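Heads up, the thing below is written out as structure tokens.
The values are calculated or read from the model by the stated rules, or taken from the named source; none is laboratory data. In this text the structure is predicted, and so the values were computed from the model without any measurement. Every residue, glycine as well, gets a Cβ built from its backbone with ideal geometry; the counts of neighbours run over all protein chains shown. Protein only, heavy atoms only, side chains kept; ligands, DNA and RNA dropped before computing areas. Shrake-Rupley method; radii C 1.70, N 1.55, O 1.52, S 1.80 Å.
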Amino acid sequence: MTIFFTISIIYPMDNLPTPEKAALISSQKLSELIQQKIRQQNNWLSFADYMQMALYTPDYGYYTGGAQKFGRDGDFITAPVLTPLFGQTLAHQLDALLPQTAGNIYEFGAGTGHLAASVLPALHSQHFQHYYIIELSAELAQRQREYIQTHAPDQIHKVTHLTQLPEQFDGILIGNEVLDAMPVPVYLRQANLITEMGVSWLDNQFVWQDKSATSAAIQQVMETFPDTAEPYQSELHPQQYAFVATLAQKLKRGAMIWIDYGFDAAQYYHVQRRQGTLIGHYRHHTVHDPFFYPGLTDLTAHVNFTRIADAGIDNQLDLIGYTNQATFLLNLGITELLAKTGKPEENTYIQTASACHTLLDAHEMGELFKVIAFGKDIDVDWQGFMYGDLCHKL
């Protein structure tokens, strides 16, 4: 069975900002490359491959082009950009871990360098040696180095950029909003019929098209997607699992801390979440059409933290804790740091308090964002999970 349909856009196209000429040309070139790939594969491309091209095609992809992505002039604002208190609070946990490692921190998905620039001056452990940033984009690496040089000049000598994974890790691996940017395959369940959703080119536009799924995917979908009366569409996360598994195999000693938005499996595949979690972000607008301006629209899917936990445990890591972002930051003393920023009537305090509200409020980032941590051959008190641990939900 083959179904063609397009996804409606939550905002009419004429209500969204129009790209500048150079950005529009870049998007058109990327669209042509994707069309060429689709033609090479008999007019069907898996959505995971489409998402890979839309985000990471050299020079034209969302993360590999030169467009502004982060901050108020980009498409979204991350926690480290909101306030340096996010990184300063995380540094409290890193300080406790560093003495039992070789003193290295490895950051993935460093964005514009805000997290590194706030973490570095807040580290007090004498065991801290190196801050490695794993970054494939030369443009982003340059932007990160410039930002860190400006905001943490005394620590820039400890920062090294890597373009590939080292043979092994001895230290702490951290990533904020890294896992959600990994391409995901999309599947449709209709009773016992499982199909994979892909992309075709029809009537001069990208459209969804389904085809028979592989036997392995069918088994996993049957185990995870609920059997509902109406069709149920959602995502699996093989790249997220493989990424964490690979890092776990390379971790000789140390810890991993991942911060991202998502759910445990029971929440992720709730019967009422029939359209999955796939979403687009364009100029601070939510877009429900994944084919809207390829290369200019961020595509993302929520994280299934149950699978992330599986990836660590399956590869001999200890699952240390899992909780929401608000609990993690409060456990580590973010309110105490806020109190040190000034008097309550001062503008600096008011602005920082507003940013903290966004980080902590259940209706903002506090509840949707989660923190999961793993350890290997270390034995410390993890203050971030002192209260409110949710591992039992995984």
Inspect region 159-178 for any residue being open to solvent by 50 Å² or more (accessible area, probe 1.4 Å), free of Cβ contacts under 8 Å to residues at least 40 places away in the same chain, β-branched (Val, Ile, Thr) and closer than 30 Å to His288 by Cα and give the result as yes or no. no
Considering region 332-379 alone, what residues qualify as being farther than 28 Å from Ala265 by Cα, free of Cβ contacts under 8 Å to residues at least 12 places away in the same chain and not acidic (Asp, Glu)? Ala339, Lys340, Gly342, Lys343, Pro344, Asn347, Thr348, Tyr349, Ile350, Gln351, Ser354
Before we move on, is Thr306 out of contact with any strand residue (DSSP E or B) (no Cβ under 8 Å at 6 or more places or on another chain), of a type in the set (Ser, Thr, Tyr) and over 30 Å from Val207 (Cα atoms)? yes
Taking region 214-259 and the residues there that are in a loop (DSSP other than H, G, I, E, B) and acidic (Asp, Glu), the one that is farthest from Lys370 (Cα to Cα) would be Glu230
Residues in region 191-205 that are out of contact with any helix residue (DSSP H, G or I) (no Cβ under 8 Å at 6 or more places or on another chain) and either buried (at least 17 other Cβ atoms within 10 Å of the Cβ) or without any contact (Cβ under 8 Å) to a residue 24 or more places away in the chain (or both) total 3
For region 323-358, which positions are outside any helix (DSSP H, G or I) and either charged (D, E, K, R) or open to solvent by less than 50 Å² (accessible area, probe 1.4 Å) (or both)? Thr323, Asn324, Leu332, Gly333, Lys340, Thr341, Gly342, Lys343, Glu345, Glu346
Looking at region 268-283, which of the residues that are in contact with a Phe, Trp or Tyr (Cβ under 9 Å, 6 or more places away or on another chain) and in a strand (DSSP E or B) is most open to solvent (accessible area, probe 1.4 Å)? His281
Counting only residues in region 12-63 that are open to solvent by 70 Å² or more (accessible area, probe 1.4 Å) and hydroxyl-bearing (Ser, Thr, Tyr), the one modelled with the lowest pLDDT is identified as Thr18
If you check Gly366 against the conditions, is it under 30 Å from Leu55 (Cα atoms) and not in a helix (DSSP H, G or I)? yes
Within region 241-267, take every residue that is over 23 Å from Leu329 (Cβ atoms) and in contact with a strand residue (DSSP E or B) (Cβ under 8 Å, 6 or more places away or on another chain) and give me the one that is most open to solvent (accessible area, probe 1.4 Å). Lys252
Give all pairs with beta carbons closer than 8 Å in which a residue from region 380-394 that is within 16 Å of Gln267 (Cβ to Cβ) meets a residue that is of a type in the set (Gly, Ala, Ser) and open to solvent by 70 Å² or more (accessible area, probe 1.4 Å); count only pairs at least 6 apart in sequence or on separate chains. Lys393/Ala266
Out of all the residues in region 232-251, is one or more of a type in the set (Asp, Glu), at pLDDT 95 or above and under 15 Å from Val184 (Cα atoms)? yes
